[in-house]
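Trainee: Take a look at this one; I'll ask things after.
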Amino acid sequence: MDIVSSDDAYTVTIELPGLKKDDIDISVHERVLTVSGEFKPHTAPAPSPGLEDTEDEEDPFIDVDDNCEKKKDGIILKERRAGKFKRSIDLPSWVDAEKGIKASVVDGVLTIDFTKGPESKAKKVNIM
């Protein structure tokens, strides 16, 4: 999660690869923004015709030794994330949850913008 401040807004960016907008829940309750969802487990693709796994043959591309065991469904290594996630941040008092928050997701990147109100901008104070 990244949070960036500009002159007119704050922008929160969260990478959520593979998720669509219907997979993501964004809520605001008592000045806390919560983003949650779930990465569904991926299943291994079916082998190409003619490359089906056979019990009698060893796979010439996989070096299986005593410390490495071929996994279920032919999966040797799985690094895709799966499971639920939830991230919360406190919102400044000047954020109007009804009007001041806009969200979009493009190519697995969620962007949430908060428009700054006049009370959130720095003011010059003259010394008397």
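Taken together, the values in this text are just the output of simple stated rules run on the coordinates, not laboratory data. Remember, it's a predicted structure, so these values are computed and weren't measured experimentally. Virtual Cβ from ideal backbone geometry, glycine too; neighbours counted across all protein chains shown.
Trainee: Can you give me the long-range amide H partners of L91? Hydrogens built in the peptide plane at 1.01 Å from N, cutoff under 5 Å, separation of 5 or more residues or another chain.
Mentor: Amide H to amide H, under 5 Å and 5 or more residues apart or across chains, L91 pairs with V32, L33.
Trainee: Let me ask something additional. When the Karplus curve 6.51 cos²θ - 1.76 cosθ + 1.60 is applied with θ = phi - 60°, which whole-Hz ³J(HN,Hα) does each residue of region 11-24 get, with x for Gly and Pro?
Mentor: 10, 9, 10, 10, 7, 10, x, x, 8, 9, 4, 6, 8, 10
Trainee: A further question on this structure: Calculated FRET efficiency, M1 and D96, Cβ-Cβ r, R0 22 Å, to nearest 0.05? Numbers along the way, then the final one.
Mentor: Numbers: r = 22 Å, r/R0 = 0.99.
Efficiency for this residue pair is about 0.50.
Trainee: Let me ask you something else. Which whole-Hz couplings ³J(HN,Hα) result when phi for each residue of region 100-112 is put into the Karplus expression 6.51 cos²θ - 1.76 cosθ + 1.60, θ = phi - 60°, listed in order with x for Gly and Pro?
Mentor: x, 10, 10, 9, 8, 10, 9, 6, x, 10, 8, 10, 10
Trainee: Moving to a separate point now. Anything over 19 Å Cα to Cα? Flag those among K20/K86; K21/K86; K20/K78; K20/K99; K20/K84; K40/K84, in the order listed.
Mentor: Those over the limit are K20/K78; K20/K99.
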